[in-house]
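Novice: Attaching a single structure in structure tokens format; questions to follow.
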Amino acid sequence: MASRLLWASRVASYLRVSVSHRGFASGRSDPLFVKDLKYAESHEWVKVDGKTATVGITDHAQDHLGDVVYVELPDVGHSVTQGSGFGAVESVKATSDVYSPVSGKVVQVNEELNKSPGLVNTSPYEDGWIIKVEMSDTGEVKNLMDSEKYSKFCEEEDAKH
């Protein structure tokens, strides 16, 4: 994993000149991070409900990508593995792979994204979700960050660019 550059880092590096990073004001809870979600270093979020996990890309990631024009969705029934790619998000600036934060089987895809890919920008944690996965190992969620750790991770990552 150390040898694999995170997609958001690649995008941020590629777009370094044209991307303005959002500042992080200390002492307040930033609305970019939803407290009851878990986050991957590759900038996907997951909301767990029993054995079902809803997956999307974070507000931080969509902000770096810019206007999303296409989302490549996997087929229902497709198996996903934690840390492996399952689709892509194409913006006016770049195309980036999307990685699954959990392992399991895709039980639903957000068909609305075929007509309105911009939902990833306007509502990344609600209407812009990408897939729902029936998890094969709910313990994998422990490998993900909570909102506080993810916020710090993004702040440190942005400081490098």
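Novice: Tell me, in nm to one decimal, what length is gained between D146 and V76 on full extension, where the rule is 0.36 nm per residue of separation less the Cα-Cα distance?
Specialist: Full extension of this stretch gives 22.4 nm more.
Novice: Could you compute the net charge surrounding L119? Neighbours are other residues with a C-beta less than 12 Å from the C-beta of L119; K and R count +1, D and E count -1.
Specialist: Around L119, the surrounding residues sum to -4.
Novice: Same structure again: Of the GluC sites (Glu not before Pro) in region 53-154, which ones lie in a loop per DSSP and count no more than 15 other C-beta atoms within 10 Å?
Specialist: Here the GluC sites (Glu not before Pro) that fit, given the DSSP loop and packing criteria, are E111, E126.
Novice: Among all the lysines, which ones have a C-alpha under 26 Å from K160's C-alpha, if same-chain residues fewer than 8 places away are not counted?
Specialist: Partners found: K35, K38, K93, K149, K152.
FYI, it's all coordinate maths here, none of it is from the lab. Being a predicted model, the structure only gives us computed values, none of them experimental. Don't worry about glycine lacking a Cβ; one is built from the backbone with ideal geometry, like all the others, and counts go over all protein chains shown.
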